[in-house]
Amino acid sequence: MASRRITERQLEHKRYKQDVDREGKAFFPHAMFHDTVMSLVVVGVITGLAVVWYLDADGTEPGFLGPHYTEEADPGTTNFVPRPDWYFYFLFYLLRIFKWPNTVVIGTVGIPNICLAILIALPFIDLRRERRLSRRPVAIVAAIITVLAMGTLTYKGATAREALGSELQGSVPEWAAEQGFEDNQEAVQGANLFAVVGCAQCHTYLGAGSTNLGAPDLSEIGATNRGVEYFDRYVSNPSEFGNTVMPPFIGLGEENVHAIATFLDASKGPQE
């Protein structure tokens with residue numbers, strides 16, 4: 001009986017394959033149904049793992065899938081470097097290749113949207129029924145290049161090293177000596193705050209930091225002779241001056257903001 005059922009299923013599968021070879025297989029409903037079922041399975045597995053993780057761990061002791069968290073978040077940390085989830089590492093590193101403002105639009109809008117448009121258009125461009133890999137060299141080469149490119153960018157993004165504030169803080173004595181404010185304790189304090197609160201994530205200073213979002217180099221910002229009061233107001237609330245990109249730093253407290261303003265005013269360029 002069992003062998004008969006197996007034989008019938010084999011014959012039915014053979015007839016199905018012959019029909020597919022002769023008539024093809026419509027995207028709707030066959031392929032769409034398979035994709036829908038597989039998507040539901042994946043979502044179900046993820047949901048199940050999330051439920052097990054939540055119920056199995058009590059917030060202090062790790063469960064089968066790990067703890068809810070390892071330590072409470074510290075909103076006042078100065079050494080945290082924000083990074084994307086691992087599946088965005090390739091785009092994270094791609095953005096390091098293109099610099100603001102001239103070419104960054106290529107990495108943020110151009111390349112991802114072009115690749116997405118090609119992916120969407122491909123089923124409408126290639127209408128052949130041929131599925132053998134040996135007869136689809138262009139598609140295979142393109143897929144291999146894409147996998148290698150994304151794999152390389154993901155690895156580079158995962159291993160990219162960002163300067164922590166504590167590391168950048170070690171350059172403050174050199175800044176003070178080069179700028180000539182080593183005797184100005186408030187300016188030195190402001191330089192230390194500049195190093196640890198994340199200013200160097202967007203600004204550069206005497207070659208340190210990184211330029212992002214169009215933020216200028218601040219090595220000679222004090223040479224504009226705007227005064228401590230101006231920098232105090234600007235750092236506290238940049239939007240008052242039309243800068244909607246830079247966040248306000250009034251949360252650091254008036255004393256700390258004033259120290260940063262003093263540091264900026266003292267930064268008039270390297271002393272000869």
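Summary table
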{"item": "Residue satisfying condition, being among the small types (Gly, Ala, Ser), in contact (Cβ under 8 Å) with a residue 60 or more places away in the chain, outside the structural domain of residue 104 (by TED's automatic domain parsing) and at negative phi, within set 176, 191", "result": "191"}
{"item": "Among (1) modelled with pLDDT of 85 or more; (2) closer than 29 Å to residue 104 by Cα - the single one residue 215 does not satisfy", "result": "(1)"}
{"item": "Failed item in (1) out of contact with any Lys or Arg (no Cβ under 7 Å at 6 or more places or on another chain); (2) closer than 22 Å to residue 252 by Cα, with residue 222 passing the rest", "result": "(1)"}
{"item": "Test: residue in the range 153-172 that is among the basic types (Lys, Arg) and over 26 Å from the mean Cα position of the chain (by Cα)", "result": "no"}
{"item": "Number of the exception - residue 102 against (1) loosely packed, with under 10 Cβ neighbours inside 10 Å; (2) modelled with pLDDT of 80 or more; (3) under 19 Å from residue 211 (Cα atoms)", "result": "(2)"}
{"item": "The lone exception for residue 132 - which of (1) of a type in the set (D, E, K, R); (2) modelled with pLDDT of 75 or more; (3) surrounded by 10 or more Cβ atoms within 10 Å (Cβ to Cβ) it fails", "result": "(3)"}
{"item": "Neighbours by Cβ (under 9 Å, 6+ apart or cross-chain): first from the range 225-242, without any contact (Cβ under 8 Å) to a residue 24 or more places away in the chain; second among the β-branched types (Val, Ile, Thr) and surrounded by 18 or more Cβ atoms within 10 Å (Cβ to Cβ)", "result": "236/257"}
{"item": "Scope the range 229-251; condition surrounded by fewer than 17 Cβ atoms within 10 Å (Cβ to Cβ) and assigned to a loop (DSSP other than H, G, I, E, B); matching residues", "result": "237, 242, 243, 244, 245, 247, 248"}
{"item": "Residues being part of a helix (DSSP H, G or I), of a type in the set (Asp, Glu) and free of Cβ contacts under 8 Å to residues at least 40 places away in the same chain - total across the range 252-272", "result": "2"}
{"item": "Qualifying residue in the range 196-219 (condition: in a helix (DSSP H, G or I), under 13 Å from residue 262 (Cα atoms) and in contact with a strand residue (DSSP E or B) (Cβ under 9 Å, 6 or more places away or on another chain))", "result": "no"}
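The values are calculated or read from the model by the stated rules, or taken from the named source; none is laboratory data. Source: prediction; values computed, not measured. Cβ sites come from the backbone with ideal geometry, for glycine too, and all protein chains shown count toward neighbours.
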